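The values are calculated or read from the model by the stated rules, or taken from the named source; none is laboratory data. Everything quoted here is computed from the prediction, not taken from an experiment. Neighbour counts run over all protein chains shown; Cβ positions are idealised from the backbone, glycine included. When the accessible area is computed, the model is the full protein with side chains, heavy atoms only, and any ligands, DNA or RNA have been set aside. Shrake-Rupley method; radii C 1.70, N 1.55, O 1.52, S 1.80 Å.
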Amino acid sequence: MKQCTHAGALPHPEPVPLSETCPECLRDGTDPVQLRLCLSCGHVGCCDSSPGRHATEHHRKSGHPVMRTHEPGEDWRWCFVDHVLV
């Protein structure tokens, strides 16, 4: 089974979210479907079901590998590089 090769390098504690919602969605006037938190820098972006797919865009631009859900009651992480749940 494939595993994430980046989880061991994540900062502890996790970064503080830089915003309450996706700033790119606010800028574009769109509504985020669900939010994701970059575990490298704290950027908050919308998921791939949102029109802008800003969490994935942030990964592509920054190279930051792992994000986690930023939704209440959820606790999972995704590695963009290895394409696996962490």
**Request:** Pick out which of L37, L18, L26 has the largest mean-square fluctuation in a Gaussian network model of the chain, springs linking Cα atoms closer than 10 Å.
**Result:** L26
**Request:** Can you list which of the trypsin sites (Lys or Arg not before Pro) found in region 1-80 are DSSP loop residues with at most 14 other C-beta atoms within 10 Å?
**Result:** K2
**Request:** Summarise the accessible area of the chain (1.4 Å probe, protein heavy atoms) by the percent that is carbon and sulfur.
**Result:** 53 percent
**Asked** How much area per residue is accessible in the chain when the probe is 1.4 Å and only protein heavy atoms are counted (Å²)?
**Response** 61 Å²
**Item:** Stretchable slack from T30 to K61, in nm (0.36 nm times residue separation minus alpha-carbon distance)
**Value:** 9.1 nm
**Fill in**
Per-residue ellipticity at 222 nm attributable to helices in the chain (runs of n ≥ 4 DSSP H, -39500 (n - 2.57) apiece, nearest 500 deg cm²/dmol) works out to -4500 deg cm²/dmol
**Asked** What does the charge add up to near E57, with Lys and Arg as +1, Asp and Glu as -1, over the other residues with Cβ less than 13 Å from its Cβ?
**Response** +2
**No Cys partner within the rule (Cβ under 4.7 Å), the chain** = C38, C41, C47
**Item:** From the coordinates shown, Cα extents along the principal axes in Å corresponds to which of (i) 39, 27, 24; (ii) 62, 34, 20; (iii) 40, 35, 20
**Value:** (i)
